[in-house]
Amino acid sequence: MKKLATLLICLLLLPSTALAKGAAPIAIYVNGRELIAEETTPVIRHDRTFLPLRAVTEELGYTVAWDGDKKEVTLTKGDASVVMTIGKKSYRRGKKDAAMDVAPYLEKDRTFIPARYLGEATGLPVKWMPKERVVTVGSYPQKDAPANERIYVKEVDMSFVLPKDVAISYKLEGKSLDFYEKSNDDAGSDGFLFSLSRVENPRTEWENWPVILAYKDGVYYGADFRGDPAMIQDKTLKAKFEKAHDRIDDILMTVRVGK
C-alpha cells in the first residue's frame, strides 16, 4: 500500500505534459495573417483537415447566410456564390453543381468544411503543412513594382521596395532584416517597424503577429512585428514614426522571394 501511495503521489506531481502529450493545435493563416480565436481553430477528423467555414470566409470578404431549416449555408461575394448543406457531399458554386468526397458537418453551431473544398469553392489556394500543423488559405496581397526600384538582400533572399515619402532604414540582425523609421533610429528612439526573415516553422520561430508572405521549398518567408509599437515622447519623432508605420502594408505587398 505504501508503494502504491508513493507511486500515485509521484504521478500527481508530474507535469501534465508528461502524462498526456497531445498534438499542438492547428494554426490557420488567411491571406498571410493568422486567425487567433477559439472559433477559428481547424479540426482533424477522419484524417482530414476541416476549417471553420464562417470565420475563414468572412475574413476573405464573403457574406455568410445560414438557413437552419434546410441546414444550408450560402456564401456570397460580389457575383460569386456558393451553397453547401450539412451532411451532403454535393454543393453548388454559382450555377454549377460540384461534389466533395466528405460532407460538411455542424459542431457547436459552427459549420466545418474540408480544407481542400474550401479552396475549390472560393478559387483560392489552400495548403496543409502537417509537420508544422499549419493551414494557409489564399496569400498576402501583392503589388507590382519596377525592377530597378527593388532592393535585394541576399541574407534573407528577399527583395522589396521602400516608399519615397518616408525615411526607412534597415539592417541585418542575425538571420532577420530589421526595418526602422530612420529619424527615430538615428535619435536612439528605437523606431522599430518590422523584420523580414525566413523560417521552417512560423509557429515557433516567429513571435508577434507574423505575416506569411511566401512559401517555397519548405521555407516560410514573412514579417514579424516584435510586440507593440514603441512609445515615443517627442512629437516630431512620433509623427514620423506613425507615418512610416502606416506604410508597412505597402512595403510588405512588394516583398518577393529572390530578386
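The values are calculated or read from the model by the stated rules, or taken from the named source; none is laboratory data. The structure presented is a predicted model; accordingly, all values stated were derived computationally and were not measured. Cβ atoms come from the backbone with ideal geometry, glycine included; neighbour counts cover every protein chain shown. Surface areas here come from the heavy atoms of the whole protein model, side chains and all, with no ligands, DNA or RNA. Shrake-Rupley method; radii C 1.70, N 1.55, O 1.52, S 1.80 Å.
Here Arg256 qualifies as closer than 19 Å to Tyr140 by Cα, touching a residue at least 60 places away in the same chain (Cβ under 8 Å) and basic (Lys, Arg). State whether the residues of region 59-72 include one that is of a type in the set (A, V, I, L, M, F, W, C), open to solvent by 20 Å² or more (accessible area, probe 1.4 Å), under 27 Å from Thr254 (Cα atoms) and in contact (Cβ under 8 Å) with a residue 60 or more places away in the chain. Scanning region 59-72 turns up no residue that is of a type in the set (A, V, I, L, M, F, W, C), open to solvent by 20 Å² or more (accessible area, probe 1.4 Å), under 27 Å from Thr254 (Cα atoms) and in contact (Cβ under 8 Å) with a residue 60 or more places away in the chain. The residues of region 81-94 that are closer than 18 Å to Leu51 by Cβ and in a strand (DSSP E or B), listed by number, are Val82, Val83, Met84, Thr85, Tyr91, Arg93.
In region 143-172, the residue that is farthest from the chain's Cα centre (by Cα) out of those that are polar (S, T, N, Q) and farther than 22 Å from Lys216 by Cβ is Asn148. Among the candidates Val73, Val30, Val83, the residue that is touching a Lys or Arg at 6+ places or on another chain (Cβ under 6 Å) and either aromatic (Phe, Trp, Tyr) or modelled with pLDDT of 90 or more (or both) is uniquely Val83.
A single entry from Val135, Val153, Val161 fulfils the requirement of being at pLDDT 90 or above, surrounded by 15 or more Cβ atoms within 10 Å (Cβ to Cβ) and of a type in the set (A, V, I, L, M, F, W, C): Val161. Looking only at residues of region 138-148 that are out of contact with any Gly (no Cβ under 9 Å at 6 or more places or on another chain) and open to solvent by less than 70 Å² (accessible area, probe 1.4 Å), we find that the one that is nearest to Pro52 (Cα to Cα) is Ala145.
The numbered conditions (1) in a strand (DSSP E or B); (2) surrounded by 12 or more Cβ atoms within 10 Å (Cβ to Cβ) are all true for Asp97 except (2).
Can you tell me which residue within region 150-175, out of those that are β-branched (Val, Ile, Thr) and in a strand (DSSP E or B), is nearest to Leu237 (Cα to Cα)? Per the stated criteria, the residue is Ile168.
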